[in-house]
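The values are calculated or read from the model by the stated rules, or taken from the named source; none is laboratory data. On a predicted model such as this, the values are computed, not experimentally measured, just so you know. Glycine also receives a Cβ, built like all others from the backbone with ideal geometry; neighbour counts cover every protein chain displayed. Ligands, DNA and RNA are stripped out before the accessible areas are found, and what is left, the full protein with its side chains, is counted by its heavy atoms. Shrake-Rupley method; radii C 1.70, N 1.55, O 1.52, S 1.80 Å.
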Amino acid sequence: WKSFLLGVLVGLMHLSRADGAVWGIVAVAAIFWQTREDSAGWREFLKRFFLLLFPLAAGYALVVAPWFYRNWRIFGTILSPAGSRALWLTSYNETFVYPPEKLTFAYWFASGWKEILGKRLWALGVNLETALGVQGGIVLFPLILLAVWELRRDIRVRVGIFAWALTLFIMTVV
């Protein structure tokens, strides 16, 4: 039932924010690590892992299925076609580009490597500033690092670090 509730939670996060789907990856990783630590051998691990993966997927599907069905009826795909175009933006103002078909890999690539890498490095800098200033409250940041170091063997801390790093990577690259 915990795995099912985790799936429901991931589904709600996906509906509330575009990066909520990332938490599906985090949930699978959490189940993987927990199952690996609790299992005696590979056979037992695989059995337990997939037994927990199914309720996770069912909980997620219960929440997002109506929205995916709606998208399928309107767009012909389960996800909005606009979401896939966000990867090819070269500036924020292109969020409002019309027609959206202009935003393609070729268009993005034509901006040049210097621009592409420069924007990603800028985004990394902004994201790290946010981590320090907003998430860490500047003063709390060293204490967070100390706590992470002290509790580095705790599964919850490992999953949290993985989630933070994955989100940082995706929000920087995309």
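For the ranges 1-10, 144-153, what's the packing order if you count other beta-carbon atoms within 10 Å of each residue, average per peptide, and put the highest first?
On the way: 1-10: 17.4, 144-153: 11.2.
Per-residue Cβ counts within 10 Å, averaged per peptide and sorted highest first, yield 1-10, 144-153.
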Fill in the blank from the handout: Scalar couplings 3J(HN,Hα) for the stretch 67-79 by Karplus 6.51 cos²θ - 1.76 cosθ + 1.60 (θ = phi - 60°), nearest whole Hz, x for Gly and Pro, are 5, 4, 4, 4, 4, 4, 5, 8, 9, x, 9, 6, 10
Fill in the blank from the handout: Excluding ligands, DNA and RNA, the carbon-plus-sulfur percentage of the accessible area of the stretch 1-160 with a 1.4 Å probe reads 71 percent
Handout entry: 3J(HN,Hα) from dihedral phi, the stretch 2-7, Karplus parametrisation 6.51/-1.76/1.60, rounded to Hz, x for glycine, proline
Key = 5, 5, 4, 5, 4, x
Completion exercise
Expressed in angstrom and rounded, the centroid-to-centroid distance over alpha carbons for the stretch 53-75 and the stretch 144-161 is 32 Å
Handout entry: Order by protection proxy (mean Cβ within 10 Å, highest first), peptides 79-85, 50-56, 93-99
Key = 50-56, 79-85, 93-99
Problem - Qualifying lysines (Cα of each under 20 Å from Cα of Lys119; at least 8 residues distant if same chain) - result: Lys102
Exercise for the section: Mind pulling up the Rg/Rh value for the chain? Radius of gyration and Kirkwood radius, both on Cα. Expected result: 1.03
Exercise for the section: Can you work out the accessible area per residue across the chain, with the rest of the protein chains kept in place, probe 1.4 Å, in square angstrom? Expected result: 71 Å²
Exercise for the section: Could you go through the stretch 86-93 in sequence order and give the Karplus-derived ³J(HN,Hα) for each residue, using 6.51 cos²θ - 1.76 cosθ + 1.60 with θ = phi - 60°, rounded to whole Hz, and x for Gly and Pro? Expected result: 4, 4, 9, 5, 10, 7, 4, 4
